[in-house]
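Structure first, then comments.
What follows draws every value from the coordinates through simple rules; no lab data is involved. This is a predicted model, so every value here is computed, not measured. Positions of Cβ are backbone-derived with ideal geometry, glycine not excepted, and every protein chain shown enters the neighbour counts.
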Amino acid sequence: MKAFAAALVSVFLLGVFCSAQDASSPATDSNPDQSVAAAARANKEYKIDPQKEADIRRLLQLMGAERAMTQSMATMETNIRPLLTSSFPAGEYRDRLIQLFFEKFHSKIDSQELIGLAMPVYDKYLSDADIKGLIEFYSTPLGQKVIDVLPNIVAESGEKGRQWGEKIGRESMIEVLQEHPELKEALQARRKDTLPK
């Protein structure tokens, strides 16, 4: 669940980041406010069996979804702040703009709305029997342990995967450059061209 919350928040913040980068682009014919409104209407029009909705809400509460979403938002903000900073030209305005953006962003956060967005996803992929089974599992000591340790498992596994990816990426690049000396020479020439003079 915490991974789901992190992914949901990541996608949202990526959209915010992309919008910030495009803010100076010429306007297009599409109206983003209408798109957001249409998406909100579509979500409200989606009907879930009331009993299943109650079960999904219970499951999310049991799994600490609100806390996970809050933690994910804080982590994503920490990660995206430098990206936003590098997206805008330097100047005295930039820090103030980004600070005011995050203040405005925080004022609009509604964890219940975010949970509401997750409801149709749970409804789509899990039956009510699945939801009830998960509630039963997460109500056990083992289920609670899984909730507690899963963020650590995901974080540590992700870090090990990142290190592994860097290692094989480095090895692959070294081998390609050894196998293709012409590419190695072109790379070295390009590096010389880009050095400050």
Charge dipole magnitude, Cβ of K and R +1, D and E -1 - the stretch 149-197, Cα centre, debye nearest 20
280 debye
Once the dipole of the stretch 111-193 is set up with Lys and Arg at +1 and Asp and Glu at -1 on Cβ about the Cα centre, which of GLN112, PHE137, SER157 lies farthest towards its positive end?
SER157
Quick check: from the Cα gyration tensor, does the stretch 84-174 come out rounded (a/c under 1.5), prolate or oblate?
oblate
Ranked highest first by average number of other Cβ atoms within 10 Å, how do 95-101, 185-191, 65-71, 120-126 line up?
65-71, 120-126, 95-101, 185-191
Spatially proximal lysines relative to LYS47 (Cα-Cα < 17 Å; intrachain offsets below 8 disregarded)
LYS124
Entries in LYS52/LYS108; LYS104/LYS132; LYS104/LYS145; LYS52/LYS145 that, when Cα-Cα distance is taken, lie over 32 Å:
LYS104/LYS132; LYS104/LYS145
Once a ≥ b ≥ c are taken as the square roots of the eigenvalues of the Cα gyration tensor of the stretch 149-197, is the result rounded (a/c under 1.5), prolate (a/b larger than b/c) or oblate (a/b not larger than b/c)?
oblate
So how strong a dipole does the stretch 85-165 carry about its Cα centre when Lys and Arg Cβ are +1 and Asp and Glu Cβ are -1, to the nearest 20 debye?
240 debye
Rounded to whole angstrom, the alpha-carbon centroid of the stretch 150-197 lies from that of the stretch 63-80 at a distance of 31 Å
Please report the net charge: other residues with Cβ closer than 15 Å to the Cβ of LYS132, K and R +1, D and E -1.
-4
